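So the structure is just underneath, and the comments pick up after that.
What follows draws every value from the coordinates through simple rules; no lab data is involved. Note that the coordinates shown come from a computational prediction; the quantities given were computed from them, not determined experimentally. As a convention, Cβ positions derive from the backbone with ideal geometry for all residues, glycine included, and neighbour counts pool all protein chains shown.
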Amino acid sequence: MTAQRTLSVPGIAYGGDYNPEQWPEEVWAEDMRLMREAGVTMVSVGIFSWALMEPSEGVYDFSRMDRLLDLLHENGIAADLATPTAAPPAWFFRAHPEALPVDKDGRTLFYGSRQTFCPSSPAYRDAALRIAGAIAERYADHPAVVMWHVHNEYGCHNAACYCDTSAAAFRRWLRARYGDDLDALNHAWGTTFWSQWYYDWDEILPPRATGAVPNPTHQLDWRRFCSDELLSLCTAERDVLREAAPAIPATTNFMVMQNFDALDYWRWAPELDVVSNDHYLMSTDPESEIDIALGGDLVRSLAGGPWLLMEHSTGAVNWQPVNRAKRLGELRRNALAHVARGADGIAYFQWRAAKAGAEQWHSAMLPHAGTDSQIWRDVVRLGADLKALAEVRGSTGTAEVAIVWDWDARWALELPSQPSGELRFQDLVRDWYEPLWRAGVAVDFVRPDADLSRYRLVLAPSLYLVDDAGAANLTGFAERGGTFAVGFHSGAVDENCHVRLGGYPGAFRDALGVRTDELFPLLPGESLGLTGDVPDGAGCTLWSERLRLAGAEAVASYAQGQLAGVPAVTRHAHGAGTAWYLATRPDPATLASLLDRIRDEAGVQPVLRTAVPPGVEAVRRRGADADYLFLIDHAGDGADVPVAPDATELLTGKPASGSVTVPPGDIAVVREPHS
Ligand code: GLA
């Protein structure tokens, strides 16, 4: 893994996407004044400037960017300078119509928006590297530029293209994966099924629309290919930038939440100098704070430490069916919750709300209403808060619990033709994450083959696909004394999506001490009661199995139906440790009580030893000399929380000797020096 590099902006960076090309230059001076007022220290510029910077092929006009970077520098504001490759200009597509993407049904998508290019197009790659090179050369030594922002949200709108050029690129990728051995591919894909055997590489197509269910391994390899194909564009741009300016770190903004699943970020993160993420609230989620925490923990784990929040919103977005504005105080709680999870920079989309264009109804730091607005007041206050938190920078998490998160397993789980079409990876992981969040337990995310030695407890809420090495790593963790808990329909298939025979849950059967001979998914709306060591009224939905104990003990069993008396939750002493199986989806209260017990057995402590009132999020960042305890009141009732006798509350700068008060809906960040 490339070690993450440090950004040369002091403290916690603060800012947003800045698109001044959308405004007359008279407005820029006001922007500078207001950015200084808000405490902005870094802005991302040039993200969608290709059409203005390169008016025709090979002809550049950098005059506007020159003036902008100089102005930012004069005002002490750093630039995260983008390559504008997410939105090629119209002239490019007129010259290269073959670079337009084609969807699954064979329809060509046209320009007039953004990210309408085929990721495998040689013409696009050439044009992208050319503009990236010209920018790198021109601005490598500009004192305002502190980071390269490669492209924007790779794969957001064009994660897959099904054109003939993509088909050829897919075949090249497959030849590399299968060592040029077509039989190996045929066996991996199981192509004796439905007469799919391939005799020539050229017979293989992208998984275009078919009349019946497509081949699962074909689909899975396609997802892997699409992620790698975009990654190769990203690393090619990164290399061009690095060559011109080795000292300037490069990032690209990830999207680990919002149900975006196109990219295997475990493969992406090591390629970047700085890991950054974009996070948006979903209006339909009544507890978005949990989504922020999960996303933050995931991106910190990808980065292996602090990261940057490259985009979020001050208020409503514009791309959901109904776009919820933030509640009073939510802007600040959201931003500081990202800091609590390891963000060393907080940025928004975008600085000034647009007057025209597709995002004219998206919130911004400076709203349409101007400075006489709640959002502006909150933005200015946040700038002061982040300044007060400068010393938090560089500190990181303290987790003893790891949750397994794997994109291959996610992709495979959500392929068509599963026993149930109701299984959603992100929802299943969140089910398990939620009770840990409520209990104030710190969590990291890991891939199945990660080094697990620093954890007491490893959870795999959903790991449908796992290869032998990953399975051995996880069960070995239990063997060596760890506590390992697995969710239903895990370990079911290998890396080629082939079912592991001999009973479910295949790869984990022996470690769990159970054997299932048949799966009984529950219908939407159907539920079953649970009896045993579970709360009164315990129930479950979504899934059940006819499971037999093979060494494990039953913790809970189905209370009725054809599986009455069959174990639904089991516990097995495995080697020096313990392996738990949750063969169903328990209701939230039951899952919380099971995870409490599992956690107690593993000896995992919450962030705070004393109980925290419900709705108060407690997170700790560990620095070299002190811990930073973030207390965020989402419930609105406030709280008094015991802290170290020599503690200081950083947002107010006041001593907090032994106790700190979190006012309703507010936040406290407490420095507890290491003694
Ligand atoms: C994404 C993009 C931005 C903007 C925002 C709007 O995150 O990167 O350019 O479109 O969404 O929410």
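Below are the figures for this structure:
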read-out: Sum of side-chain charges, ARG456 neighbourhood, beta-carbon under 15 Å (Lys, Arg +1; Asp, Glu -1); value: -3
read-out: Stretchable slack from TYR199 to ARG36, in nm (0.36 nm times residue separation minus alpha-carbon distance); value: 52.2 nm
read-out: Theoretical gain in end-to-end length, TRP23 to GLN374 [0.36 nm per residue, Cα-Cα removed]; value: 124.1 nm
read-out: Share, in percent, of DSSP beta bridges within the range 401-602 that are antiparallel, nearest 5; value: 60 percent
read-out: Amide H contacts under 5 Å for ASP344, placed H, 5+ residues apart; value: TRP307, LEU308, LEU309
read-out: Inter-label distance for SER675 and ALA576, nm, one decimal - labels placed 7 Å from Cα along Cα-to-Cβ; value: 3.1 nm
read-out: Net charge of neighbours whose Cβ lies under 12 Å from the Cβ of ALA127, counting Lys and Arg as +1 and Asp and Glu as -1; value: -2
read-out: For THR314, distant residues with modelled amide H under 5 Å away; value: ALA364
read-out: Partnerless cysteines, meaning none of the other Cys C-beta atoms lie under 4.7 Å away, in the chain; value: CYS156, CYS163, CYS226, CYS234, CYS497, CYS540
read-out: Integer Hz, Karplus 6.51/-1.76/1.60 couplings in order for the range 307-318, x for Gly and Pro; value: 8, 10, 8, 7, 8, 8, 10, 7, x, 6, 8, 10
read-out: For a label point 7 Å along the Cα-to-beta-carbon line of GLU526, residues of the range 554-576 with backbone N under 15 Å; value: 558-564
read-out: Förster-model FRET efficiency, 35 Å R0, LEU52 and TRP361, C-beta, rounded to 0.05; value: 0.90
read-out: Order of ILE290, ILE667 - criterion: other Cβ atoms within 10 Å of each residue's Cβ, fewest first; value: ILE290, ILE667
read-out: Hz values of 3J(HN,Hα) by residue in the range 547-561 - Karplus curve (6.51, -1.76, 1.60), Gly and Pro given as x; value: 10, 10, 6, 9, x, 7, 9, 8, 9, 8, 9, 5, 8, 7, x
read-out: Estimated distance in nm for a label pair at SER453 and ASN186, the labels positioned 7 Å out from Cα along Cα-to-Cβ; value: 4.5 nm
read-out: Under 10 Å, Cβ to Cβ, from TYR504 - net charge with Lys/Arg +1 and Asp/Glu -1; value: +1
read-out: The chain - charge dipole about Cα centre, Lys and Arg +1 at Cβ, Asp and Glu -1, debye rounded to 20; value: 540 debye
read-out: Dipole magnitude (debye, nearest 20) for the range 401-602, charges at Cβ of Lys, Arg, Asp, Glu; value: 260 debye
read-out: Fraction of antiparallel bridges per DSSP, the chain only, in percent to nearest 5; value: 55 percent
read-out: Computed lengthening from ASP285 to ALA550, 0.36 nm per intervening residue step minus Cα-Cα distance; value: 91.4 nm
read-out: Order of VAL443, VAL275, VAL660 under a 10 Å beta carbon neighbour criterion, fewest first; value: VAL660, VAL443, VAL275
read-out: Taking TYR265, TYR162, TYR199 and counting other C-beta atoms within 10 Å, the order from fewest to most; value: TYR199, TYR162, TYR265
read-out: Global geometry of the chain, whether rounded, prolate or oblate, following the gyration tensor of its Cα atoms and the 1.5 cut on a/c; value: oblate
read-out: Cα→Cβ-extended label distance, 7 Å offset, between ALA384 and GLN560, nm; value: 6.0 nm
